[in-house]
Number of protein chains: 2
Amino acid sequence: MNTDIHAYLAERRRVIDEALRSYLPPPTKKPRILHEAMSHSLFAGGKRLRPTLCLAACEAVGGDSAAALPLACAVECVHTYSLIHDDLPAMDNDDWRRGKPTLHKIYGEAVAILAGDALLAEAFEIACRYPGGSYGSAVVVGELARASGSRALVAGQVADLEAEGKEISVRELRAIHLRKTGALITTSLRLGAMAGEASRESLRAITEFGRFLGLAFQVIDDILDLTQTRETLGKSAGKDLAAEKATYPRLLGLEGAQQAAQRYTARAHEALAALGTRGATLAALARHLLARES
Amino acid sequence: MNTDIHAYLAERRRVIDEALRSYLPPPTKKPRILHEAMSHSLFAGGKRLRPTLCLAACEAVGGDSAAALPLACAVECVHTYSLIHDDLPAMDNDDWRRGKPTLHKIYGEAVAILAGDALLAEAFEIACRYPGGSYGSAVVVGELARASGSRALVAGQVADLEAEGKEISVRELRAIHLRKTGALITTSLRLGAMAGEASRESLRAITEFGRFLGLAFQVIDDILDLTQTRETLGKSAGKDLAAEKATYPRLLGLEGAQQAAQRYTARAHEALAALGTRGATLAALARHLLARES
């Protein structure tokens, strides 16, 4: 299965990258610095986790993943915009991302802010290419907007900044990460399932899967920040500790955090039961994420 | 007519403000600092020009403006986000807007960036409330995304920053403003017309009107920056000169710029001819904008 999942991920990545290149304005388009910056971040070696989950969820409910492709690419644009803005000096002030200097280190703050803005707008333009089915365009695009906004993604980033240097509970930490990481992961899966014309029952199962996968993903991210080097991660390591960020290892200890990641992953697997054998690829993706090292 | 247009603007403003309050999360919602900041900017005394044009365009093609209300509010959210980000220290570094300190002066840069981001996402969530008609939701929301992104609004801001301190031609200046100001004004009108089920001919006339109205609007903005005080404008005056910004008065002289504003306004009026008497409100709005003092 390990070889299988790597081949699967590589193939999906190829499909997603090709679609992103066809949807986005080319980096040579004027203003060139803006389109170059957008492309730079979008093709800086991201793992394409969210769009892959979107396509896999579409297939897991019996759909053709081609219908979900614009939504998968839209989600990746939202994710990339959020990384660019999170790295800004006024936010997490991070110099490294995916083994390369962060966007504002290369292009300056103004262009980094504007490239992030443009990727967020672009996400909705791409999402509007979704042809619509039993879940209409307004429902699907509206859900992406909600997951990107002040009730989810941005709320999570604000709460994360507010929690720096403060003592918070595991429950509060969970609430931050459900919005900061979990909402977009869950939405990626839900949009794919909707593009696949999911039944209400299947959509509920996919949503539950996303909720626990998102939590597991964040716990593992926190563990990796503590245990891995910058070379492995491709971004600054140990930053959470330095910034006095609330993290799972800090609240639960390293072993406790590892147990939490396994527990959340187990819950994610349980949710897939409702999908029967068609949930196998999502299950393999969840196992892969639990075992990842960067 | 002068009293009429003021009464009309006041009434529209009330309708738009009420709708915005009903669509947006309340400022008391957590994270409170984020929702407060969003509300602060959105209700900081904006003239509601773009949403008013949107509703008026809907009526000018024979539609019921209620159908256009979500689109009108979405456009105002995009406009407000763009002002917040344009004012940031890394961009125009402006301390005053609509007679009040700019958002980052009150809430800090991180919250200002995130409040702008959230308003942009919110715009699309609100736009998805448009019920759709002969112009479907995907077409209408997709056009708003295009006008907000790297091909229009953001492109204009990048080109504007790049032009600072450089000698550019009137033609290049026009190209900047068609994207920076013109695109969103034209889109406001087009979305309203689409919500009003405009014929292709009417939509073409509205688009032409928007193009010239947008240019006239920007020339007048440049003139006011040069001739008015901060008290009248509610924002820093004389900033363009200090930042060596390319402006119409700088390239054409004050009198030349005033003539250009009149010429563009005349072209806007001509475009309205295709709409017959139903274009009267849009014509009154164009006259009002030419005569404005802030």
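Just the residues that are of a type outside the set (F, W, Y) and within 7 Å of chain A (Cβ to nearest Cβ), please, taken from region B:114-128. Result: B:L114, B:D117, B:A118, B:L120, B:A121, B:E122, B:E125, B:C128. You will find that of A:Y248, A:Y264, the residue that is hydroxyl-bearing (S, T, Y), at pLDDT below 95 and either crowded, with 22+ Cβ neighbours inside 10 Å or closer than 21 Å to A:A67 by Cα (or both) is A:Y248 and no other. Residue under question is B:T277, and the condition is that it be under 30 Å from B:A90 (Cα atoms), assigned to a helix (DSSP H, G or I) and among the hydroxyl-bearing types (S, T, Y); does it hold? No: the conditions fail for B:T277. Only residues that are buried (at least 22 other Cβ atoms within 10 Å of the Cβ), in contact with a Lys or Arg (Cβ under 7 Å, 6 or more places away or on another chain) and aliphatic (A, V, I, L, M) were counted across region A:42-60, and they come to 2. Looking only at region B:26-58, filter to residues that are among the hydroxyl-bearing types (S, T, Y) and in contact (Cβ under 8 Å) with a residue 24 or more places away in the chain; which one of those is farthest from the other protein chains (Cβ to nearest Cβ)? Looking at the filtered set, the residue picked out is B:T52.
Have a look at B:T227, B:T207, B:T186 and point out the one that is of a type in the set (S, T, N, Q), surrounded by fewer than 19 Cβ atoms within 10 Å (Cβ to Cβ) and closer than 17 Å to B:T281 by Cα.
Answer to the selection: B:T207.
Here is a check on your reading of the model: is B:Y23 more than 11 Å from every other protein chain (Cβ to nearest Cβ) and more than 15 Å from B:T187 (Cα to Cα)? So B:Y23 fits the description; yes. On the basis of being crowded, with 17+ Cβ neighbours inside 10 Å, of a type outside the set (A, V, I, L, M, F, W, C) and under 18 Å from the mean Cα position of the chain (by Cα), does A:K180 make the cut? When the stated conditions are applied, A:K180 passes them. Going through region A:87-113 one residue at a time, which ones are crowded, with 17+ Cβ neighbours inside 10 Å and more than 10 Å from chain B (Cβ to nearest Cβ)? The answer is A:D87, A:D94, A:W96, A:R97, A:T102, A:L103, A:Y107.
Filtered by the rule that a residue be in contact with a Cys (Cβ under 8 Å, 6 or more places away or on another chain) and buried (at least 22 other Cβ atoms within 10 Å of the Cβ), region B:139-153 gives B:V141, B:A145. Hey, does region B:44-59 have a residue that's over 22 Å from B:T281 (Cα atoms) and in a helix (DSSP H, G or I)? No; the residues of region B:44-59 include none that is over 22 Å from B:T281 (Cα atoms) and in a helix (DSSP H, G or I). The condition of being in contact (Cβ under 8 Å) with a residue 24 or more places away in the chain, more than 18 Å from B:V154 (Cβ to Cβ) and either small (G, A, S) or part of a helix (DSSP H, G or I) (or both) does not hold for A:V111. Number of residues in region A:132-169 that are more than 8 Å from chain B (Cβ to nearest Cβ) and more than 29 Å from B:P27 (Cβ to Cβ) equals 3.
Can we say A:E122 is surrounded by fewer than 22 Cβ atoms within 10 Å (Cβ to Cβ), among the charged types (D, E, K, R), outside any loop (DSSP other than H, G, I, E, B) and at pLDDT 95 or above? Walk me through it before giving the result.
Values: surrounded by fewer than 22 Cβ atoms within 10 Å (Cβ to Cβ): no; among the charged types (D, E, K, R): yes; outside any loop (DSSP other than H, G, I, E, B): yes; at pLDDT 95 or above: yes.
Judged against the criteria, A:E122 is not a match.
Within the span defined as region A:173-190, one or more residues are out of contact with any Leu (no Cβ under 9 Å at 6 or more places or on another chain) and part of a helix (DSSP H, G or I). Assigned to a loop (DSSP other than H, G, I, E, B), crowded, with 20+ Cβ neighbours inside 10 Å, among the hydrophobic types (A, V, I, L, M, F, W, C) and out of contact with any strand residue (DSSP E or B) (no Cβ under 8 Å at 6 or more places or on another chain), is that true of B:A193? So B:A193 does not fit the description; no. The residues listed here are A:G136, A:G165; of these, the one that is more than 16 Å from the chain's Cα centre (by Cα), surrounded by fewer than 22 Cβ atoms within 10 Å (Cβ to Cβ) and under 21 Å from A:G63 (Cβ atoms) is A:G136.
For region A:13-20, the criterion of being surrounded by fewer than 23 Cβ atoms within 10 Å (Cβ to Cβ), in contact (Cβ under 8 Å) with a residue 60 or more places away in the chain and charged (D, E, K, R) is satisfied by no residue at all.
The values are calculated or read from the model by the stated rules, or taken from the named source; none is laboratory data. Bear in mind the structure is a predicted one, so any value in this text is a computation, not a measurement. Neighbour counts run over all protein chains shown; Cβ positions are idealised from the backbone, glycine included.
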